[in-house]
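Okay, structure first, notes after.
Derivation of every value follows stated rules applied to the coordinates shown; laboratory data play no part. Here the structure is a predicted model, which is why all the values come from computation and not from measurement. FYI the Cβ positions are ideal-geometry reconstructions off the backbone, even for glycines, and counts take in every protein chain you see.
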Amino acid sequence: PAVSLAFAIFRRDQFPVNRLFAYWGAQLIGAVIAGVVVLILFNPFIDRFEMENGIVRGELGSQRSAMAFGEYFPNPGMFDSAAFSVSPLHAFAVEAFGTAILAFVIFALTERRNAGIPTNGMVPFFIGFTVAALISLFAPITQAGWNPARDFGPRIVSWLAGWGDIAIPGPEGGFWVYILGPLIGAPLGALLFKLVIEPGLPGGKPEPVQIARSKYE
């Protein structure tokens, strides 16, 4: 949804705005289905993990098992949230910043006038590498969502599967971080590309003509 929004704003010739909500709906439905598949396949293992670690599903601390579906801050697999706190605003900034970087890279790699892009077959690799690099940097803080559908779809499934308030609204009511952060960050990253890189591309915004002043003026 975040990158789709950025394309709908800044590349309407490639992605008309009237397609946006259909894409958002399809992305969310796909994410919900993925969450259901995870629940069906892995619920026995999640139950065992909860039993062995004294986790009561739906109570504070059960984000350690709910993280199989949605993201949490700080990363429950790395930090005890009671001892290490990340504020919703901090998490929001991380999600917006990471998604902005991702959108900037995607716009650069899919710009037809960019003579420096790799061959078409390598573009997905570089986008995937960017995602992997961002995850390696920011996963300890927010689990590196970058995708509202990827988080919210499975989060709905976990809410229905017994995690309740731990899923939605989440500890500190922070589920919105993974929706608004990427939705704001992606257009900002695309805007940065439009302002900084695009003017220097062939056919970009022309440089102002410098007219020499007459010595008689």
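Remarks
- Relative exposure of Thr130, Thr119, judged by other C-beta atoms within 10 Å (fewest first): Thr119, Thr130
- The helix-only estimate of mean residue ellipticity at 222 nm for the chain, built from DSSP H runs of length n ≥ 4 each weighted as -39500 (n - 2.57), is -18500 deg cm²/dmol after division by the residue total.
- Prolate/oblate/rounded label for segment 1-92 (Cα gyration tensor, a/c 1.5): oblate
- Put simply, the C-alpha atoms of the chain give a gyration tensor, and the ellipsoid matching it has half-axes of 41, 19, 15 Å, longest first.
- Gyration tensor (alpha-carbon) shape descriptor, segment 68-161, a/c threshold 1.5: prolate
- The longest stretch of the chain left intact once loop-based chymotrypsin sites (Phe, Trp or Tyr not before Pro) with at most 14 other Cβ atoms within 10 Å are removed from consideration, loops following DSSP, is 85-215.
- Taking the number of Cβ atoms within 10 Å of each Cβ as an exposure proxy, the fewest-first ranking of Val17, Val131 is Val17, Val131.
- Which of Ile141, Ile29 has the fewest Cβ neighbours within 10 Å, and the rest in rising order: Ile29, Ile141
- FRET efficiency estimate (nearest 0.05) - Cβ-Cβ, Asp13 to Met122, R0 30 angstrom: 0.80
- What separates the Cα centres of segment 60-136 and segment 1-58 is a distance of 14 Å.
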